[in-house]
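Below: one structure, written as structure tokens.
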Amino acid sequence: MKNKKIAVLGTGANGSCTSADLIKNGFDVTMIDQWPAHVEMMRAHGLHISLADEELHVSVDAHHLCDLASLNRTFDFVFIVTKAYDAIWATELMKPYLKEDGLLVALQNAMTAEAVRDIVGPSRTIGAVLEMSSEIFHPGIVRRNTSRKGTWFGVGSLDESTKGRAEEIQFLLSHVGKCDVLENVLSGKWMKLIVNSMCLSSFALVGLKMAEAKELPGMREVIVRLGTEALAVGQQLGYKPEPIFGLKPEEIEGTNRFVELMFDKLAADVGARSLRNCSLQDLMKGRKSEADLINGLIVDEGVRHGIDAPANKVVVDLTREIEAGRLKPGPENMALILQRLNG
């Protein structure tokens with residue numbers, strides 16, 4: 001496996017952490033990114049990852065998007081680690097550079113796996129779910145919030161043609177965190193969407209790290225409502241409860257606290273280092289967040305199937321106000337959330 005060529009497109013926080021661990025373990029990794037300063041800093045000084053128990057520094061093979069056409073490389077494995085809303089163009093970009101028997105994996109939030117499959121084909125697509133938290137505010141320097149023990153991946157085939165090949169991706173990602181092969185990876189992705197619907201945009205709206213945000217009066221009620229709506233919509237779409245984050249089937253069977261169980265597991269895994277989640281980082285940077293593809297997807301699918309998702313709609317609406325510059329993230333927005341939900 002060490003002689004296989006790997007590309008990571010999207011080497012922000014999670015993409016950098018994934019790349020660094022693969023490089024540390026001797027894999028041939030080409031890093032490709034759209035942030036020029038980040039690429040240039042990594043070329044000049046390497047990539048630095050700060051973990052709770054380690055300072056990891058690696059030399060990297062980093063390239064700008066515009067370098068790709070002149071690299072004259074094809075890849076056995078491609079990991080897309082961009083924002084979910086960049087999944088389609090990123091996959092189209094990498095399609096000519098993926099070997100005929102290669103595999104492409106989107107390590108992203110939201111339900112991007114089927115869109116990726118439709119571009120590169122079912123025989124070259126492996127679905128994936130991830131639990132990893134990291135932050136990047138300075139080029140070439142990443143803070144990884146989840147330890148390797150607290151990082152989890154679930155991978156799985158979308159088609160019979162890749163039966164048994166998810167284990168190849170499992171082997172690679174086992175160098176970054178724990179990795180399980182899922183029988184129903186699309187259900188697994190929706191389960192992660194439920195968790196993301198609860199704690200990404202809601203915490204970003206109040207401008208707080210997880211440890212602080214989850215203690216705000218009313219927040220627990222809000223996140224349970226968000227997750228309950230997402231679970232109901234997912235069930236209507238045919239997605240079944242799937243143990244993710246390393247939970248065991250017996251831990252979720254028969255529970256009437258499914259959404260809370262998953263949230264509490266996530267909080268426990270990342271609680272050692274209080275984090276600013278990816279949506280809060282986006283709003284702090286003035287970037288578009290993934291709210292439309294997470295909470296917005298729940299609202300849209302709910303409308304299609306006659307299921308109300310008012311809590312998710314409130315989160316989407318307020319996030320759009322921040323992205324438009326009419327509102328700022330802050331604890332005072334908790335009152336706005338509750339007012340719109342209960343008004």
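For this structure, a couple of remarks:
- Any hit, the range 89-109, residues being closer than 18 Å to Ser197 by Cα, modelled with pLDDT of 95 or more and among the β-branched types (Val, Ile, Thr): no
- The requirement of being in contact with a Ser or Thr (Cβ under 6 Å, 6 or more places away or on another chain), among the small types (Gly, Ala, Ser) and farther than 26 Å from Asn145 by Cβ is fulfilled somewhere in the range 120-132, by at least one residue.
- Matching option when the condition is touching a helix residue (DSSP H, G or I) at 6+ places or on another chain (Cβ under 6 Å) and of a type in the set (A, V, I, L, M), among Ile169, Ile119, Ile141: Ile119
- Any chance Lys192 is in contact with a strand residue (DSSP E or B) (Cβ under 9 Å, 6 or more places away or on another chain), modelled with pLDDT under 95, basic (Lys, Arg) and open to solvent by 10 Å² or more (accessible area, probe 1.4 Å): yes
- Checked against (1) more than 16 Å from the chain's Cα centre (by Cα); (2) open to solvent by 20 Å² or more (accessible area, probe 1.4 Å); (3) in contact (Cβ under 8 Å) with a residue 12 or more places away in the chain, Lys163 passes all but condition (3).
- With respect to (1) more than 22 Å from Thr146 (Cα to Cα); (2) touching a strand residue (DSSP E or B) at 6+ places or on another chain (Cβ under 6 Å), the lone exception for Asn14 is condition (1).
- Candidates are the residues of the range 144-160 that are open to solvent by 30 Å² or more (accessible area, probe 1.4 Å) and in contact with a helix residue (DSSP H, G or I) (Cβ under 8 Å, 6 or more places away or on another chain); the one that is farthest from Asn184 (Cα to Cα) is Arg148.
- Of the residues making up the range 99-119, those that are more than 16 Å from the chain's Cα centre (by Cα) and under 26 Å from Ala291 (Cα atoms) number 3.
- Annotation note: of Leu186, Leu172, the sole residue that is buried (at least 22 other Cβ atoms within 10 Å of the Cβ) and modelled with pLDDT of 95 or more is Leu172.
Each row is one residue, and each column tells you yes or no for (1) touching a Pro at 6+ places or on another chain (Cβ under 8 Å); (2) under 14 Å from Ile141 (Cα atoms); (3) polar (S, T, N, Q).
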position	(1), (2), (3)
Gly10	no, no, no
Ser19	no, yes, yes
Thr30	no, no, yes
Leu47	no, yes, no
Leu51	no, yes, no
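- Per this entry, Met1 is counted among residues that are loosely packed, with under 14 Cβ neighbours inside 10 Å and either of a type in the set (Asp, Glu) or under 23 Å from Thr151 (Cβ atoms) (or both).
- Search result, residues across the range 291-315 that are surrounded by 23 or more Cβ atoms within 10 Å (Cβ to Cβ) and under 22 Å from Lys214 (Cα atoms): Ala291, Ile294, Asn295, Ile298, Ala309, Ala311, Asn312, Val314, Val315
- All strands (runs of 3 or more DSSP E) inside the range 11-123 with 3 or more residues being open to solvent by less than 40 Å² (accessible area, probe 1.4 Å): 28-33, 47-50, 62-64, 75-80, 98-106
- Entirely in the range 294-343, the helices (runs of 4 or more DSSP H) that have 2 or more residues that are β-branched (Val, Ile, Thr): 295-304, 310-323
- The one condition from (1) surrounded by fewer than 16 Cβ atoms within 10 Å (Cβ to Cβ); (2) in contact with a Gly (Cβ under 7 Å, 6 or more places away or on another chain); (3) of a type in the set (S, T, N, Q) that Ser197 does not meet is (1).
- Between Leu247, Leu226, Leu280, Leu205, the distinction of being open to solvent by 10 Å² or more (accessible area, probe 1.4 Å), hydrophobic (A, V, I, L, M, F, W, C) and out of contact with any Gly (no Cβ under 6 Å at 6 or more places or on another chain) belongs to Leu247 only.
- Filter pass, Phe263 being buried (at least 16 other Cβ atoms within 10 Å of the Cβ) and assigned to a helix (DSSP H, G or I): yes
The values are calculated or read from the model by the stated rules, or taken from the named source; none is laboratory data. Computed from a prediction, not measured in an experiment: that's the story for all the values here. For neighbour counting, all protein chains shown are included, and Cβ atoms are generated from backbone atoms with ideal geometry for every residue, glycine included. Surface accessibility is based on the protein's heavy atoms, side chains included, excluding ligands, DNA and RNA. Shrake-Rupley method; radii C 1.70, N 1.55, O 1.52, S 1.80 Å.
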